[in-house]
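Enquirer: What follows is a single structure, and I will ask about it in a moment.
What follows draws every value from the coordinates through simple rules; no lab data is involved. Small disclaimer: the values here were computed from a predicted structure and weren't measured. No Cβ is skipped: glycine too gets one built from the backbone with ideal geometry, and neighbour counts run over all protein chains shown.
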Amino acid sequence: MAYETPAANPPEVTRTLRLLYPAALVREPILTRLIRQFDLTVSILGAQIGVDEGWVELTAAGPSAELDRAVAWLKAEGLRVLHLD
């Protein structure tokens, strides 16, 4: 009898995040790279981007471990990441 193990299909979780962009990154395609690099579904809830700084509020859904890796990557890229939920 064949069945899928939980490790094969980890449950998805959804997190609400606010990404704070420094001036050096406001023109970089961070969200494009995030979506391409990680197995996540991203929905933008709001944003304000200026010349000197910006923020994007979003929900990200995917396996918990993948979300953790994505948040670590965002921080390594130079963004501040606030968990809103």
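Enquirer: Out of ALA24, ALA70, which single residue is surrounded by 15 or more Cβ atoms within 10 Å (Cβ to Cβ) and not in a loop (DSSP other than H, G, I, E, B)?
Expert: Working: ALA24 fails: surrounded by 15 or more Cβ atoms within 10 Å (Cβ to Cβ).
Being surrounded by 15 or more Cβ atoms within 10 Å (Cβ to Cβ) and not in a loop (DSSP other than H, G, I, E, B) holds for just one of ALA24, ALA70, which is ALA70.
Enquirer: Being part of a strand (DSSP E or B) and not aromatic (Phe, Trp, Tyr) is the filter here, so list the residues in region 8-21 that pass it.
Expert: Filtering region 8-21 down to residues part of a strand (DSSP E or B) leaves 12-21.
Result: GLU12, VAL13, THR14, ARG15, THR16, LEU17, ARG18, LEU19, LEU20.
Enquirer: Kindly provide the set of residues from region 74-84 that are assigned to a helix (DSSP H, G or I) and over 9 Å from the mean Cα position of the chain (by Cα), ordered by number. Before you say what the answer is, go through the steps one by one.
Expert: Of region 74-84, the ones assigned to a helix (DSSP H, G or I) are 74-77.
LYS75, ALA76, GLU77 - these are the residues of region 74-84 that are assigned to a helix (DSSP H, G or I) and over 9 Å from the mean Cα position of the chain (by Cα).
Enquirer: Additional query: Can you name the number of the only condition in (1) surrounded by 14 or more Cβ atoms within 10 Å (Cβ to Cβ); (2) assigned to a loop (DSSP other than H, G, I, E, B); (3) not aromatic (Phe, Trp, Tyr) that ALA47 fails?
Expert: The single condition ALA47 does not satisfy is (2).
Enquirer: A further question on this structure: Going through THR59, THR32 one at a time, which residue ends up being assigned to a strand (DSSP E or B) and either in contact (Cβ under 8 Å) with a residue 24 or more places away in the chain or loosely packed, with under 13 Cβ neighbours inside 10 Å (or both)?
Expert: Only one candidate qualifies: THR59.
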